[in-house]
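Taking it in order: structure first as structure tokens, then the write-up.
The values are calculated or read from the model by the stated rules, or taken from the named source; none is laboratory data. On a predicted model such as this, the values are computed, not experimentally measured, just so you know. FYI the Cβ positions are ideal-geometry reconstructions off the backbone, even for glycines, and counts take in every protein chain you see. Please note that ligands, DNA and RNA were not included when accessible areas were found on the heavy atoms of the full protein model with its side chains. Shrake-Rupley method; radii C 1.70, N 1.55, O 1.52, S 1.80 Å.
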Amino acid sequence: MFTRREPKIDEQELTHIPGAEPQSRMDVWWWLVALVVGVIIILSVTMPDPYWNIIKFVRDGLKITIFLTVVSFVFVLLVGMLGGLGRISKNRIINLIATLYVELVRGVPLLVQLIWWYYAFPVIIQQIGKWTHISALAEYQANAIFVAIVGLVFCYGAYMSEIYRAGIQSVPKGQMEAARSLGMSYFQAMRHVVLPQAIRVILPPVGNEFISLLKDSSLVSVVAVADLTRRGREFMATHFNPIEVWTMVALLYLVLTLFSARIVNWIERRTKFER
Amino acid sequence: MESIINIENVHKHFGRVHALRGVSLQIQKGEVLVIVGPSGSGKSTLLRCINHLEDCSSGNIIVDGIQLDSAQNINAVRQEIGMVFQSFNLFAHLTVMDNLVLAQKIVRKRKKQEAREIALNLLKKVGIPEKANVHPYQLSGGQQQRVAIARALAMNPRIMLFDEPTSALDPEMIKEVLDVMLALAKEGMTMVVVSHEMGFARAAAKRIIFMDEGQILEEAPPDILFTSPKHERTKLFLSKVLQQ
């Protein structure tokens, strides 16, 4: 989508601080990954019982954690865009709804929100079903994964709205004016001129949100989703070895976050542009 | 002569600030009109009201026979009005070529090939066809402003508005932009120019309008306004500007 350009001047030459070159950061990261992956491999090979057994046991959970995070994040990006556009909307009602959403959601802990979606939300739907005599609603049972995605998207969408808002507002007003003066509609100007520039600005915080979401997805283990954390707890419940289980679970999360951070960094470098 | 822009008793308020106080003005087809005046006199606001970047609080603006009042016809009218800004406002994430092509494609619905040909011809016209594939940040201010003019012209506007097009430029780059504007004026483009470039006004303008405190204080052909202004305020202003 975006083309990469080489900088005209040698930036490294101009801002040379010994030991702080991009190259060395890269190496540190590779060392970290090698270290974490190495520890996992060494532990599984030298002590297959319990480490390899743990990995085999939590593998489904690992898949669910990745699935939850990626699917939720796609929706978070969409909800965040809508919320961000709502927050800068001049339409008072849209603006009010977006502001209420952001402020309410940001004021409640994610864990409480997830519990609310899992335990309270289905009861509300059932009650509505009873009042309206719609049996499909009255017999509604929460699907744990669905509810977990809704809860994560609802919460992270609010934070993402603020990131989008800040990103859109960081694009100089003249860009929108120039686009409008060429006859583009508000949404054409947003889509073709403002958002492409805003997205590049917000990439670092968006990347952070992805990594936060990956970690916070462990909270869904309290609402009956068999994610990595919950599978770890299940293993511990039968084998009574907390040190081994939670060290391995922590290492697996670490591999995921380190890789995500690198992917984010790679995208950032590829989409860099100058004003 | 038929008038292409008809402004009737326009007022504009920004909160408590009364930026335009009853401006009426007719601009003829093919006319080059230069608006001068001290900062805060409402020149830019008037210009921005013409293509509805600002909504006027009261009064009428009729462009090309269409009254600017609903969202539908605003976009239609804006296609006929090119605007050049003080700060260029080139799309920073796009190459020069894509800057010129974008609106042609999504507003004028031109095919990519056709839009690119039009763009390249316009870049030749403003003298920088070799910069088609660079990004705006790689251009000088004067080059950016010439691209901005080309971008506006790519929509085949019937009117061009210039909002202090040379105020953000280094002195040596002003001429290259003014030359493009002069060429455009010679072709018979209707132009409304907010600028303090008196040399340009003298060479191209049929009329100069002097604005102060949201009103048109005086209007006259350039040689008459420069040599024998009627108002004290105009005299004072011109004595400062012409000194340069």
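So here's what we get for this one:
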quantity	calculated
Set B:E54, B:E31, B:E8, B:E117: member being within 15 Å of B:I216 (Cβ to Cβ) and charged (D, E, K, R)	B:E8
Test: B:I81 is facing chain A (nearest Cβ under 8 Å) and modelled with pLDDT of 85 or more	yes
Some residue of segment B:152-164 being within 13 Å of another protein chain (Cβ to nearest Cβ), farther than 22 Å from B:V34 by Cβ and buried (at least 19 other Cβ atoms within 10 Å of the Cβ)	yes
Selected residue (only one of A:I64, A:I55 is part of a helix (DSSP H, G or I), over 25 Å from A:E209 (Cβ atoms) and among the β-branched types (V, I, T))	A:I55
Some residue of segment A:184-195 being in contact with a Phe, Trp or Tyr (Cβ under 6 Å, 6 or more places away or on another chain), within 14 Å of chain B (Cβ to nearest Cβ) and under 30 Å from A:I263 (Cα atoms)	yes
Sole residue being in contact (Cβ under 8 Å) with a residue 24 or more places away in the chain, away from chain A (no Cβ under 14 Å), surrounded by fewer than 22 Cβ atoms within 10 Å (Cβ to Cβ) and within 24 Å of B:T95 (Cβ to Cβ), chosen from B:E117, B:E176	B:E176
Single unsatisfied condition, B:R146 versus (1) without any contact (Cβ under 8 Å) to a residue 40 or more places away in the chain; (2) buried (at least 24 other Cβ atoms within 10 Å of the Cβ); (3) under 21 Å from A:A198 (Cβ atoms)	(3)
Subset of segment B:46-66 [open to solvent by less than 20 Å² (accessible area, probe 1.4 Å), more than 20 Å from B:A185 (Cβ to Cβ) and among the β-branched types (V, I, T)]	B:I61
Filter result (open to solvent by less than 20 Å² (accessible area, probe 1.4 Å), over 20 Å from B:F237 (Cβ atoms) and among the β-branched types (V, I, T)) within segment B:2-41	B:I4, B:I5, B:I7, B:V10, B:I27, B:V32
Unique residue being in contact with a strand residue (DSSP E or B) (Cβ under 6 Å, 6 or more places away or on another chain) and under 28 Å from B:K29 (Cβ atoms) when the list is B:I149, B:I224	B:I149
Residue that is least open to solvent (accessible area, probe 1.4 Å) [pool: residues in segment A:208-233 that are in contact (Cβ under 8 Å) with a residue 40 or more places away in the chain and of a type in the set (D, E, K, R)]	A:D227
Residue check for A:T271: touching a helix residue (DSSP H, G or I) at 6+ places or on another chain (Cβ under 6 Å), within 14 Å of chain B (Cβ to nearest Cβ) and within 22 Å of A:V76 (Cβ to Cβ)	yes
Identity of the residue in segment A:147-180, in contact with a Ser or Thr (Cβ under 6 Å, 6 or more places away or on another chain) and away from chain B (no Cβ under 14 Å), that ends up nearest to A:V225 (Cα to Cα)	A:I149
Residue list for segment B:89-100, restricted to those being more than 8 Å from chain A (Cβ to nearest Cβ) and either touching a residue at least 40 places away in the same chain (Cβ under 8 Å) or open to solvent by 30 Å² or more (accessible area, probe 1.4 Å) (or both)	B:L94, B:T95, B:V96, B:D98, B:N99, B:L100
Flag for B:T234 being buried (at least 19 other Cβ atoms within 10 Å of the Cβ), among the hydroxyl-bearing types (S, T, Y) and within 23 Å of B:H11 (Cα to Cα)	yes
Single condition B:Q86 does not satisfy, out of (1) within 15 Å of A:M184 (Cβ to Cβ); (2) more than 8 Å from chain A (Cβ to nearest Cβ); (3) touching a residue at least 60 places away in the same chain (Cβ under 8 Å)	(1)
Some residue of segment B:123-135 being within 14 Å of chain A (Cβ to nearest Cβ) and either under 20 Å from A:G183 (Cβ atoms) or touching a residue at least 60 places away in the same chain (Cβ under 8 Å) (or both)	no
Of all residues in segment B:28-55 being touching a residue at least 12 places away in the same chain (Cβ under 8 Å), assigned to a loop (DSSP other than H, G, I, E, B) and polar (S, T, N, Q), the one that is farthest from B:F226 (Cα to Cα)	B:N51
Within segment A:200-237, considering residues that are touching a helix residue (DSSP H, G or I) at 6+ places or on another chain (Cβ under 7 Å) and within 14 Å of chain B (Cβ to nearest Cβ), the one farthest from A:I88 (Cα to Cα)	A:L203
Residues that are part of a helix (DSSP H, G or I) and touching a strand residue (DSSP E or B) at 6+ places or on another chain (Cβ under 6 Å), drawn from segment B:198-221	B:A201, B:A204
